[in-house]
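This report refers to the structure that appears directly beneath it.
The values are calculated or read from the model by the stated rules, or taken from the named source; none is laboratory data. None of the values given here were measured: they were computed from a predicted structure. Glycine gets a Cβ as well: all are built from the backbone with ideal geometry, and neighbour counts include every protein chain shown. To get the accessible areas, we keep the full protein, side chains included, count just its heavy atoms, and leave off ligands, DNA and RNA. Shrake-Rupley method; radii C 1.70, N 1.55, O 1.52, S 1.80 Å.
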Amino acid sequence: MSRPIIIDTDPGQDDAVAILLALASPELELLGITTVAGNVPLPLTAANARKVCELAGRPDVKVFAGCARPMLRPLHTAESVHGRTGLDGPDLPDPTMPLQPQHAVDWLVDTLLAAEDGGVTLCPIGPLTNIALALIKDPAIAPKIREIVLMGGAAFEGGNTTPAAEFNIYVDPHAAHVVFTSGVPVTMVPLDCTHKALMPRAWIEELRALGTPVGRATAAMLSFYERYDQAKYGMHGGPLHDPCVIAYLLAPGLFGGKDCPVAIETASETTMGMTVVDWWGTTGHPPNARVLTDIDADGFFGLILERLSAL
Ligand code: RIB
Ligand code: CA
């Protein structure tokens, strides 16, 4: 029995690998992909999600466009990291598969209301605008969600967009507040984890050596994508953020962390979008998230290579 999931995404080369990993894994049933503005504006993220599905030979996947901007704040994008298209690296053809006509938020609500309790896992790997608005539009979806496994935030690592904030949470901190206070079980994959998942150059070359359209395109994406973080942090590889969410569903034993209270800064411009992780329980507040800070990077990269070799 495969696990029903929905990926909410702002592709983004790392988002693309997360989508490919999900499509390559029969343990998961991808009910649909909802797209959001983030790395690049919504028209591009909605196109990029379909480019990735067609690259995987899956034009049947339902792709929806969601929110074009955060709930309250102006959109902040990351072309410096992902390129003007958001998927720079390979030259993928424009998508021919259609975008679904329904708004992503409406489809999320309808799909979740029709599900059994705890029936669907949400996998947000971009700003949380769509997820927050779905929870606001119809709170009755909350018990239908088994858990929200999201890439975002940081515990001790500091930010990658400001000194205090990671990109996905920084772009829409108010949406993150809605999600983290929703009462839905949250598993958070922060920079503390993803900055330990640095892509070895040899691994990227193993992807290219697969000799398949997926292998070649993924190697080209990641060869473009790795340069920004390596230059910024002096890392010996680029951090592969978003596929950690899917890998956690497939192999949770690759990850480690603990349940913590997590609050989102939505007032101070100095720390806007900071995930305040109470790792030591000083607030006495009840935990509202499983915070994953450790990863078996070799196992992670081995899993991706093995699965993508089958696409
Ligand atoms: O901070 C990393 C996150 O921001 C990833 O999801 C990446 O795709 C960008 O959206
Ligand atoms: Ca992303």
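Miscellaneous remarks
- Every residue from the stretch 206-228 that is under 16 Å from Ser309 (Cα atoms) and of a type in the set (Lys, Arg): Arg208, Arg216
- Residues in the stretch 15-37 that are within 16 Å of ligand 1 (Cβ to nearest atom) and free of Cβ contacts under 8 Å to residues at least 60 places away in the same chain: Ile19, Ile33.
- Scan the stretch 108-157 for residues that are outside any strand (DSSP E or B) and basic (Lys, Arg) and the total you get is 2.
- Of the listed requirements (1) open to solvent by 20 Å² or more (accessible area, probe 1.4 Å); (2) within 16 Å of ligand 1 (Cβ to nearest atom), Thr187 misses just one: (1).
- Test: residue in the stretch 5-14 that is under 19 Å from Met151 (Cα atoms), small (Gly, Ala, Ser) and within 16 Å of ligand 1 (Cβ to nearest atom): yes
- Of all residues making up the stretch 66-84, the number that are surrounded by fewer than 23 Cβ atoms within 10 Å (Cβ to Cβ) and either more than 14 Å from ligand 1 (Cβ to nearest atom) or on the phi > 0 side of the Ramachandran plot (or both): 8
- Residue under evaluation Pro4, criteria (1) more than 13 Å from ligand 2 (Cβ to nearest atom); (2) assigned to a strand (DSSP E or B); (3) crowded, with 24+ Cβ neighbours inside 10 Å, criterion not met: (3)
- Which numbered condition Pro59 misses (of (1) within 16 Å of ligand 1 (Cβ to nearest atom); (2) open to solvent by 20 Å² or more (accessible area, probe 1.4 Å)): (1)
- Among the residues of the stretch 90-110, those that are at pLDDT 95 or above and either open to solvent by 70 Å² or more (accessible area, probe 1.4 Å) or small (Gly, Ala, Ser) (or both) comprise Pro93, Asp94, Thr96, Pro98, Pro101, His103, Ala104, Asp110.
- The selection criterion, being closer than 17 Å to Ala16 by Cα, among the small types (Gly, Ala, Ser) and open to solvent by 20 Å² or more (accessible area, probe 1.4 Å), holds for Ser223.
- The set of residues from the stretch 15-38 being open to solvent by 10 Å² or more (accessible area, probe 1.4 Å) and either more than 15 Å from Leu55 (Cβ to Cβ) or outside any loop (DSSP other than H, G, I, E, B) (or both) comprises Leu23, Pro26, Glu27, Leu28, Glu29, Leu30, Leu31.
- Looking only at the stretch 227-270, residues that are of a type in the set (Ser, Thr, Tyr) and in contact (Cβ under 8 Å) with a residue 60 or more places away in the chain come to 4 in all.
- Scope the stretch 148-165; condition on the phi > 0 side of the Ramachandran plot and open to solvent by 20 Å² or more (accessible area, probe 1.4 Å); matching residues: Gly158
- Residue in the stretch 166-184 that is aliphatic (A, V, I, L, M), surrounded by fewer than 24 Cβ atoms within 10 Å (Cβ to Cβ) and not in a helix (DSSP H, G or I) present: yes
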